[in-house]
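Enquirer: Before I ask anything, let me first share the structure, which is written out below as structure tokens.
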């Protein structure tokens, strides 16, 4: 499974995230954020696709903190473009995919 951050999900058309065989996971705080943004943008395709992503429950209610918790707890790689989050994940020993090329490679 690959944990995906909100900023990666919003690039779903370019990355073809939902059309790969790798299971995707999202923390509940990030899921709520994606749903809010998708509704604001009236991106009904994203709203439908995001329902197929496995939700990872965490104690943290903040998006970045929930990703840190889930990545560390379940030893799962995280796809994000957030430079501050990347640094924190690496400090915790979590594998990070921070470029389109790395994400493509992991999904294929």
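Enquirer: With the cut-off at 18 Å, report for region 30-95 the share of all Cα pairs above it, as a whole percent.
Expert: Of all Cα-Cα pairs in region 30-95, 43 percent lie more than 18 Å apart.
Enquirer: Compute a Gaussian network model of the chain, connecting alpha carbons closer than 10 Å, and tell me which residue from 50, 37, 26 fluctuates the most.
Expert: Result for the chain, Cα springs under 10 Å: 37 fluctuates most.
Bear in mind that the values in this text are calculations on the coordinates, not laboratory data. Just so we're clear, the structure is a prediction, and the values are computed from it rather than from any experiment.
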